[in-house]
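Here's the structure we're looking at; comments come further down.
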């Protein structure tokens, strides 16, 4: 059976992503238009005349019909120009380039923590279902899922930053400016969102590994004379790989969303902070740009996940 | 004891099972799946175990390689094989028997293969578990084995994944993986049930031929007497967890000694004469509330007073050492129809 070439798969998937990007940006654009309030008033100040307001609206294209505004934005975005911030005049792309690395750093560290803790826990639980470790994992993961990460973030600040003074609480700088400092500042927020990640990974891994270890082919492997550990480490882990990758991919996306809140708690200059500030101030191009970048990252994460899954499991045609 | 009535073989049997009882712990209490199962398999012999679903034949097969879930199943009795008792030998010793001395294949060839490894890997794996052999050599042996089980262009197929093969080819792969270490015994649990009829015949031919050419004994577990008639030399009938008849296949087909065996034979469409309606055995196999005495008695048309007494597996050979045994005290009084005349 001929398998499609990887380049063709990637090309096809990227093509499928275009409508998603279009739809996501369109919805955000619409929602921001529906919000009451006028950016022109904000820009012009409280005591501006109507003439001044019209002038500002004309300057930013705000007097144009809705679809024309969106079309203009999209046309420029396709060419790589995400416009400028209405408030600071900074190119949106520059703001994203400055802030995104901080967010990605948090998500990256959080994923590493989730995997290094969650995977061993999940395996240990699956080997002895109903055992001490299994019950502990179930308990801890329930706790991990139920705990709001912003609250956990505050607890972490209290313990590690205020009491123990091990890690800084706030005041992060950009990754490009001060890498070590940025990493230090990223650890606590990463820990805050990793709690849910550990829970998700250990639970999923436990469930799917137990499923695999009780499947028919494991009986065949036993009948062939393989030891339980060979079955677990060779066949169990490869079979569970697809599931683990899928969960991890979803987790990356969830964590990107979680940074919006967590960055606020830790005052991290990341994407979350950027979009919250821009949304409150109705800085439309900025919000659009950030959403655009996030959507692209999510699509890329999904694409990479699918490609990796296809290399592990021959039954999956990406 | 059944051990007393077991046939005295001319040389030591390959496998010798005595008093095998398997119990399962269930939510409703213990369930005795098999009781006092005793039989031998000689070297190179092809034994068919038949019976309705739930009679304990599959469980008996799984217990040979200790594949029953240890948390819920307890096994008593002995399974003598090459000087070891497989019921309680060390896990390490058990692993050296599995795949190397006794191979096993199962009903569902799709789910019985690991979907994310190539068939070549899985065949070679059987070899590599038990002996030091380079990857390339193991692969060459796997290709050779694929050829032996009748797979066309094995050099190409060796890199296929299970989902790329048909059901019959998957079962051939299973057979290749089970036989690559040249075991003394192959246990085949309903190996053709999940396959098309035409493929069934091919797989049975293959099993018989491989067993004969390599002198590998075969334990064929099936609900299909036709399969046993075609491929086995001896037939063991099980009912409600007990062995009720043990006879050379030809004898069993011609003149069954137990009413249940006779009923099974006559309910076969392709072996019986053409009739308007197939005879069937009334009632169902008891599972939980076993009747005292003969377990078939509630369904048996020959039952009389005396059948409620415990039944032993009696030596029923018309000549000494013929190895016929039956669990029916009336076997001399009743004349039962078979299917071959």
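The values are calculated or read from the model by the stated rules, or taken from the named source; none is laboratory data. Fair warning: this is a prediction, and the values are worked out from it, not measured in the lab. Cβ atoms come from the backbone with ideal geometry, glycine included; neighbour counts cover every protein chain shown.
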**Prompt:** Among the residues of the range B:182-212 satisfying the criterion of being closer than 19 Å to residue B:142 by Cβ and surrounded by fewer than 21 Cβ atoms within 10 Å (Cβ to Cβ), which is nearest to the other protein chains (Cβ to nearest Cβ)?
**Reply:** B:182
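State whether one or more residues within the range B:172-183 are assigned to a loop (DSSP other than H, G, I, E, B), touching a strand residue (DSSP E or B) at 6+ places or on another chain (Cβ under 6 Å) and farther than 24 Å from residue A:316 by Cα. Show your work before the answer.
First, the residues of the range B:172-183 that are assigned to a loop (DSSP other than H, G, I, E, B): B:180-183.
Pick out the ones that are also touching a strand residue (DSSP E or B) at 6+ places or on another chain (Cβ under 6 Å) and you get B:183.
From what's left, farther than 24 Å from residue A:316 by Cα: B:183.
Within the range B:172-183, one or more residues are assigned to a loop (DSSP other than H, G, I, E, B), touching a strand residue (DSSP E or B) at 6+ places or on another chain (Cβ under 6 Å) and farther than 24 Å from residue A:316 by Cα.
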**Request:** Only residues that are free of Cβ contacts under 8 Å to residues at least 60 places away in the same chain and not in a loop (DSSP other than H, G, I, E, B): list them for the range B:325-341, please.
**Result:** none
**Message:** Tell me whether the range B:88-99 contains one or more residues that are more than 9 Å from chain A (Cβ to nearest Cβ), out of contact with any helix residue (DSSP H, G or I) (no Cβ under 7 Å at 6 or more places or on another chain) and surrounded by 21 or more Cβ atoms within 10 Å (Cβ to Cβ).
**Reply:** no
**Request:** Return yes or no: is residue A:64 free of Cβ contacts under 8 Å to residues at least 60 places away in the same chain, out of contact with any strand residue (DSSP E or B) (no Cβ under 9 Å at 6 or more places or on another chain) and either on the phi > 0 side of the Ramachandran plot or not in a helix (DSSP H, G or I) (or both)?
**Result:** yes
**Fill in**
The condition from (1) within 13 Å of another protein chain (Cβ to nearest Cβ); (2) over 22 Å from residue B:221 (Cα atoms); (3) out of contact with any helix residue (DSSP H, G or I) (no Cβ under 6 Å at 6 or more places or on another chain); (4) in contact (Cβ under 8 Å) with a residue 12 or more places away in the chain that residue B:61 misses is numbered (2)
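Can we say residue A:257 is out of contact with any helix residue (DSSP H, G or I) (no Cβ under 8 Å at 6 or more places or on another chain), closer than 24 Å to residue A:298 by Cβ and more than 14 Å from every other protein chain (Cβ to nearest Cβ)?
Values: out of contact with any helix residue (DSSP H, G or I) (no Cβ under 8 Å at 6 or more places or on another chain): yes; closer than 24 Å to residue A:298 by Cβ: yes; more than 14 Å from every other protein chain (Cβ to nearest Cβ): yes.
So residue A:257 fits the description; yes.
Does residue B:169 satisfy being in the same structural domain as residue B:113 (by TED's automatic domain parsing), in contact with a strand residue (DSSP E or B) (Cβ under 9 Å, 6 or more places away or on another chain) and outside any loop (DSSP other than H, G, I, E, B)? Show your work before the answer.
Details: in the same structural domain as residue B:113 (by TED's automatic domain parsing): yes; in contact with a strand residue (DSSP E or B) (Cβ under 9 Å, 6 or more places away or on another chain): no; outside any loop (DSSP other than H, G, I, E, B): yes.
Answer is no for this residue.
Looking at the range B:102-115, which of its residues are touching a residue at least 12 places away in the same chain (Cβ under 8 Å) and either facing chain A (nearest Cβ under 7 Å) or crowded, with 19+ Cβ neighbours inside 10 Å (or both)? First the steps, then the outcome.
If we filter the range B:102-115 for residues that are touching a residue at least 12 places away in the same chain (Cβ under 8 Å), which is where we start, we get B:102-110, B:112-115.
Passing the criteria: B:102, B:103, B:104, B:105, B:106, B:107, B:108, B:109, B:112, B:113, B:114, B:115.
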**Request:** Confirm whether residue B:156 is over 25 Å from the mean Cα position of the chain (by Cα) and farther than 15 Å from residue B:178 by Cβ.
**Result:** yes
**Request:** For the range A:280-296, enumerate the residues that are in a helix (DSSP H, G or I), surrounded by 18 or more Cβ atoms within 10 Å (Cβ to Cβ) and in contact (Cβ under 8 Å) with a residue 40 or more places away in the chain.
**Result:** A:284, A:285, A:286, A:287, A:288, A:289, A:290, A:291, A:292, A:293, A:295
**Fill in**
When the range B:21-44 is checked residue by residue, the ones that are in contact with a helix residue (DSSP H, G or I) (Cβ under 9 Å, 6 or more places away or on another chain) and part of a loop (DSSP other than H, G, I, E, B) are B:44
**Hits in the range A:196-229 (condition: in a helix (DSSP H, G or I), within 35 Å of the chain's Cα centre (by Cα) and at the interface with chain B (Cβ under 10 Å from one of its Cβ atoms))** = A:212
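Does the range A:171-192 include one or more residues that are under 26 Å from residue A:233 (Cα atoms) and in the same structural domain as residue A:105 (by TED's automatic domain parsing)?
For the range A:171-192, residues under 26 Å from residue A:233 (Cα atoms) and in the same structural domain as residue A:105 (by TED's automatic domain parsing): absent.
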**Message:** As an exercise: evaluate residue A:243 against (1) within 20 Å of the chain's Cα centre (by Cα); (2) more than 13 Å from chain B (Cβ to nearest Cβ) and give the number of the one condition it does not meet.
**Reply:** (2)
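Residue under question is residue B:218, and the condition is that it be away from every other protein chain (no Cβ under 13 Å), under 19 Å from the mean Cα position of the chain (by Cα), crowded, with 17+ Cβ neighbours inside 10 Å and assigned to a strand (DSSP E or B); does it hold? Can you show your working first?
Numbers: away from every other protein chain (no Cβ under 13 Å): yes; under 19 Å from the mean Cα position of the chain (by Cα): yes; crowded, with 17+ Cβ neighbours inside 10 Å: yes; assigned to a strand (DSSP E or B): yes.
Yes; evaluated as a whole, the condition is true for this residue.
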**Message:** Can you list residue pairs whose Cβ atoms sit under 6 Å apart, with the first residue in the range B:177-194 being free of Cβ contacts under 8 Å to residues at least 40 places away in the same chain and the second being crowded, with 21+ Cβ neighbours inside 10 Å and not in a loop (DSSP other than H, G, I, E, B)? Count only pairs 6 or more apart in sequence or on different chains.
**Reply:** B:192/B:203
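What residue, among those in the range B:146-162 that are within 13 Å of chain A (Cβ to nearest Cβ) and touching a helix residue (DSSP H, G or I) at 6+ places or on another chain (Cβ under 9 Å), is nearest to residue B:227 (Cα to Cα)?
Just the residues of the range B:146-162 that are within 13 Å of chain A (Cβ to nearest Cβ), to begin with: B:156-157, B:159-162.
Checking which are touching a helix residue (DSSP H, G or I) at 6+ places or on another chain (Cβ under 9 Å) leaves us with B:157, B:159-162.
Values: B:157: 28, B:159: 32, B:160: 30, B:161: 29, B:162: 26 Å.
Only one residue fits best here, namely B:162.
For residue A:188, indicate whether it is closer than 13 Å to residue A:266 by Cβ and either in contact with a strand residue (DSSP E or B) (Cβ under 7 Å, 6 or more places away or on another chain) or surrounded by fewer than 24 Cβ atoms within 10 Å (Cβ to Cβ) (or both).
Details: closer than 13 Å to residue A:266 by Cβ: yes; either in contact with a strand residue (DSSP E or B) (Cβ under 7 Å, 6 or more places away or on another chain) or surrounded by fewer than 24 Cβ atoms within 10 Å (Cβ to Cβ) (or both): no.
In short, no.
Quick check: anything in the range A:177-184 more than 14 Å from chain B (Cβ to nearest Cβ) and not in a helix (DSSP H, G or I)? Spell out the reasoning first.
Step one: filter the range A:177-184 for residues more than 14 Å from chain B (Cβ to nearest Cβ), giving A:177-184.
Now narrow it down to the ones that are not in a helix (DSSP H, G or I): A:177-178.
Within the range A:177-184, one or more residues are more than 14 Å from chain B (Cβ to nearest Cβ) and not in a helix (DSSP H, G or I).
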